[in-house]
Amino acid sequence: MKFTGKVWRYGDNIDTDVIIPARYLNTSNPQELALHCMEDIDKSFVTGVKAGDIMVADNNFGCGSSREHAPVAIKASGITCVIAATFARIFYRNAINIGLPLLEVGDDVKKIKAGDVLSVDLESGEIVNTTSGETIKATPLPGFIQDIAKAGGLINYVKGSAQ
Amino acid sequence: MGMTMTEKILAAHAGCEKVEPGQLIRAKTDFLLANDITGPQAIPEFEKIGRPVFDPDKIALIPDHFVPNKDIKSAEQAKALREFARKHKITHYVEAGRMGIEHVLLPEMGWVRPGEVIIGADSHTCTYGAIGAFATGVGGTDLGAAMATGDTWFKVPSSIKVVLTGALPEWVCGKDVILSLIGKIGVDGARYQALEFTGPGVANLSMTDRFTISNMAIEAGAKNGIFPVDEKTVEYLKARTNHPYTVYTADADAVYEREIHIDLGKLSPVVALPHLPENVKPVAELPEIKIDQVVIGSCTNGRIDDLEQAAKIIAGRKIHPDVRAIIIPGTQEVYMEAMKQGYIAQFIAAGAIVSTPTCGPCLGGYMGILAAGERCVSTTNRNFRGRMGHVDSEVYLAGPAVAAASAILGRIAEPKEVLA
């Protein structure tokens, strides 16, 4: 799968409370959640995000609560994949499980700025920054995780495995 | 080469002789948990698989986050959880009135035990590491899948050995231990890793302190935070379960990624300043910080010992006129015991609010939401921006003694300032 999109750039320790504040957790409807995604740190996100855009952050993205509402809100807002230096572990699982692709790139994330346009090849893990001309290589997903991603998420994977 | 406690438990549940950090395994799950926020998300995922629940006796569905229902949408979520529990004859569904905050309730009821693999659709599921279980938080989809299969996948974490020595000084508690550790290693200092607490200091920690410490392992990014099983653990379990359990101990030659030493005797009361749990400072070093609200309770500090600490400071005194003090016993059993001990009457006489068990204010749900510019000292576990209400409000994390002292003086304070 290949994506091309504009970058929404965030910093370290973006927690699930800012991705989707708990005051909106009285629903699990993806479209309703998307209306409030990132609003506590970036009011322009919901109004400005376009389908196909890419979210990029520094270390420990998605730390905090186990709420799957966080990757669900990001995905429903139109973001095609999230790139970060590192991810918090529950967010990582949740994103893979619901079919929101993630790419971990370590310090190379510094080569990506807000508004850059990236071309991402999920299978090879290659990220071309078409704005700066630089190419970044993401850590490839472990084989078993790739199987979940290819199945379109955990539920399809479990359905497809032996009964 | 030996194995850590975490590796041993995971190996046994994956049917392997040995596991190593980084290895991907499928492990059997002994107990599963979801609540009124995550359950309604797990249920449709479970239903897509089209199988029955793997074991209705091994699933707890606890409506604790927005229950008693805070609004119509929350009521619908609680209803979805209840109806699912009835339809699938889930043994451990607990209705409001008998309900408690899940991570206080499950150990109290004896539903979780040493050596087990427990996953919960709540990040603070790591609490049960206090009794020597491998327990970790997952999302709704993971939980929904495990409800059908009775297993889940893990990447075996490497372990950090946290060696505790000495004993806590008066008015210093488990919260000060875990906040001090997070202050040292940061909110991603144990990312993807297991925190294994060990050393002679463990014997000096109460079960309440251990629950608080394991509870906040996730705040250092850890997958789990585990304690060895000792006499105190066995004593705690004796009154709560007669279910057999397996005690795993780390091998002497187990391999740890790093070792951290903490002398409990050298710790002092601390707070985590906004907006990260790693912004830890001794209370003694803070300037005057006036506050508007105090919350004592939650899965982190809602146990009877926590309320006892608070009562020792609040009894016979008055909550500061500018402060709303909200005290939330973790379960009905804790509430009853606090009533028998006279704590509840002391709290109310002092001018505090006492609520039925709920997660409510901790995650900015209800029962104590903050306005712009307001400051709260809270015994909860997260002080992220906007966590307890307005994006411009501030949460200071502390143990129950510091929270109680702050409630009396109207500013962040040490217990000794009140008792002097």
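Where a number appears in this text, it was derived from the coordinates with a stated rule and is not lab data. In this text, all values refer to a predicted model and were calculated from it rather than measured experimentally. Neighbour counts run over all protein chains shown; Cβ positions are idealised from the backbone, glycine included.
Here's the picture: a label point sits 7 Å out from the Cα of A:Lys2 along the beta-carbon direction, and within the range A:119-154 the residues with their amide nitrogen under 19 Å of it are A:119-138. The distance from the alpha carbon centre of the range B:71-94 to that of the range B:198-276 is 33 Å, rounded to a whole number. Can you tell which of B:Val255, B:Leu24, B:Pro400 lies farthest toward the positive end of the dipole of chain B, using +1 and -1 charges on the Cβ of basic and acidic side chains (Lys, Arg; Asp, Glu)? Final value for the positive-end residue is B:Pro400.
Across the range B:347-391, Cα-Cα pairs more than 15 Å apart make up 44 percent of the total. Of the residues B:Ala121, B:Val234, B:Pro200, the one whose Cα sits farthest towards the positive end of the charge dipole of the range B:5-263 is B:Ala121 (charges of +1 on Lys and Arg Cβ, -1 on Asp and Glu Cβ, taken about the Cα centre). Farthest toward the positive end of the dipole of the protein assembly as shown, out of B:Ile213, A:Ile96, A:Thr135, is the Cα of A:Ile96, where the dipole comes from beta carbon charges about the Cα centre. Of the residues B:Ala34, B:Ala222, B:Ala75, the one that moves most in a GNM of chain B with alpha-carbon contacts below 10 Å is B:Ala75.
Using every pair of distinct Cα positions in the range A:113-163, the Kirkwood expression returns a hydrodynamic radius of 12.8 angstrom. About the centre of its Cα atoms, the range B:158-212 shows a dipole size close to 140 debye [charges on the beta carbon of Lys, Arg (+1) and Asp, Glu (-1) only; nearest 20 debye]. Each label was represented as a point 7 Å from its Cα along the Cα-to-Cβ direction; for A:Asp42 and B:Cys16 these points are 3.7 nm apart. Listed by chain and number, the aspartates and glutamates whose C-alpha is less than 14 Å from the C-alpha of A:Lys6, apart from same-chain residues fewer than 8 away, are A:Asp53, A:Asp116.
Candidate cross-link partners of B:Lys266 among the lysines, defined by an alpha-carbon separation under 17 Å and a same-chain spacing of 8 or more, comprise B:Lys175, B:Lys184, B:Lys281, B:Lys416. Residues within the reach of a label modelled at A:Ser124 (point 7 angstrom out along Cα to beta-carbon, backbone nitrogen below 18 Å), restricted to the range A:135-152, are A:135-141. Report, in whole Å, the centroid distance computed from the Cα atoms of the range A:142-163 and the range A:19-92. Comparing the Cα centres of the range A:142-163 and the range A:19-92, I get a distance of 23 Å.
Note on chain A: with charges restricted to the Cβ of Lys and Arg (+1) and Asp and Glu (-1), its dipole about the Cα centre is near 300 debye. For the range B:271-419, the dipole from Cβ point charges (+1 on Lys and Arg, -1 on Asp and Glu) about the Cα centre works out to 140 debye, to the nearest 20. The Cα trace of the range A:1-98 gives Rg and Dmax of 12.0, 35 Å, the first to one decimal, the second as a whole number.
Extents of the protein assembly as shown, taken as max minus min of Cα coordinates on every principal axis and listed largest first, are 67, 51, 48 Å.
Per the Cα gyration tensor, the range B:291-365 maps to an equivalent ellipsoid with semi-axes of 17, 16, 9 Å, ordered largest to smallest.
Average the reciprocal distances over every distinct pair of alpha-carbons in the range B:41-167, invert the result, and give the Kirkwood radius in Å.
In the range B:41-167 this quantity evaluates to 15.8 Å.
Given bins 10 angstrom wide, list per bin the percent of all Cα-Cα distances in the range B:271-419, short to long. Per 10 Å bin, starting at 0, the Cα pair percentages come out as 13, 48, 33, 5.
A cut-off of 5 Å between modelled amide H atoms, ignoring neighbours fewer than 5 places along the same chain, links B:Gly199 with B:Leu164. Under 5 Å from the amide H of A:Leu103 lie the amide H atoms of A:Val82, A:Ile83, A:Ala84, each residue being 5 or more positions distant or on a separate chain, with H modelled from the backbone and absent for Pro and chain starts.
Per-residue ellipticity at 222 nm from helix content only, as computed over chain A with -39500 (n - 2.57) for each DSSP H run of at least four residues, stands at -7000 deg cm²/dmol. Could you compute how fast the range B:5-263 diffuses translationally, taking Rh as the Kirkwood radius over C-alpha pairs and applying Stokes-Einstein at 4 °C with viscosity 1.567 mPa s? Give it in µm² per second. Result for D is 70 µm²/s.
Multiplying the residue separation of B:Arg86 and B:Glu417 by 0.36 nm and subtracting their alpha-carbon distance yields 114.0 nm. What the Cβ-Cβ distance of A:Lys137 and A:Ala114 gives, at R0 = 25 Å and to the nearest 0.05, is a FRET efficiency of 0.70.
Across q = 0.15, 0.18, 0.22 Å⁻¹, the range B:354-417 modelled as identical point scatterers on its alpha-carbon atoms has Debye log10 I(q)/I(0) values of -0.44, -0.63, -0.90, in the order of the q list. Computed over the range B:1-49, the Cα gyration tensor eigenvalues convert (square root of 5λ each) into semi-axes of 30, 12, 9 Å, ordered from largest to smallest.
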